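First comes the structure, then the notes that go with it.
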Amino acid sequence: MNVKADLSILDIIGHLLIWVVLTLITFGIALFFFPYSFARFVINRTRVIDNTTGIERRMVCDINIFSNFGHIILWMVISFLTLGLGYIFYFYRVWNYALNNARLQ
């Protein structure tokens, strides 16, 4: 099996511009919601290809930005208390959560 992501430069630029604007408007608070959006953005544009049959199946991420509001609040507190170092771990934990809530369609 192979995994192939179809991320175009225009999609990436559009996604980043939206989040840069949201980050500026919210004075950085949007950055705690960004990892969820980023993980979903990449996973939803990924396909798994079976080498023997050639069948392609799309990956679908079943999370949304506001589904884990308590998780976001917890990591906000951790990040503030650790002067931003906790955010690095938060990003990994969100990816772990997103991959565990992804499925093949």
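The values are calculated or read from the model by the stated rules, or taken from the named source; none is laboratory data. Every value quoted in this text rests on a predicted model; they were computed, and no experiment measured them. Note that each Cβ is placed from the backbone with ideal geometry, even for glycine, and that neighbours are counted across all protein chains shown. Protein only, heavy atoms only, side chains kept; ligands, DNA and RNA dropped before computing areas. Shrake-Rupley method; radii C 1.70, N 1.55, O 1.52, S 1.80 Å.
Output the relative contact order of the chain, whole-number percent, from Cα pairs under 8 angstrom with separation of 6+ residues.
Worked out over the chain, it gives 30 percent.
Please give the FRET efficiency for residue 95 paired with residue 50, using the beta carbon to beta carbon distance and R0 = 22 Å, rounded to the nearest 0.05.
Efficiency computed from Cβ-Cβ geometry: 0.35.
Report, in deg cm²/dmol and to the nearest 500, the calculated mean residue ellipticity at 222 nm for the chain, where each DSSP H run with n ≥ 4 adds -39500 (n - 2.57) and the sum is divided by the residue count.
The per-residue figure over the chain is -17000 deg cm²/dmol.
In terms of the Cα gyration tensor, with a ≥ b ≥ c the square roots of its eigenvalues, is the range 1-56 rounded because a/c is under 1.5, prolate because a/b exceeds b/c, or oblate?
Prolate, since a/c reaches 1.5 and a/b exceeds b/c.
Roughly how big is the chain's charge dipole about its Cα centre, with Cβ charges of +1 (Lys, Arg) and -1 (Asp, Glu), in debye to the nearest 20?
The dipole of the chain has a size of about 120 debye.
Going through the range 13-105, which chymotrypsin sites (Phe, Trp or Tyr not before Pro) have at most 10 other Cβ atoms within 10 Å and a DSSP loop state?
Filter output for the range 13-105: 27, 66.
For a quick check of understanding: with a 1.4 angstrom probe and all protein chains in place, what accessible area in square angstrom does residue 25 have, to the nearest ten?
Roll a 1.4 Å probe over it and residue 25 shows about 110 Å².
Write down the radius of gyration of the range 6-105 and its Dmax, each obtained from C-alpha positions, in Å.
My reading of the Cα-based Rg and Dmax gives 15.4, 51 Å.
Given labels modelled 7 Å from the Cα in the Cβ direction, how far is it in nm from residue 80 to residue 18?
2.7
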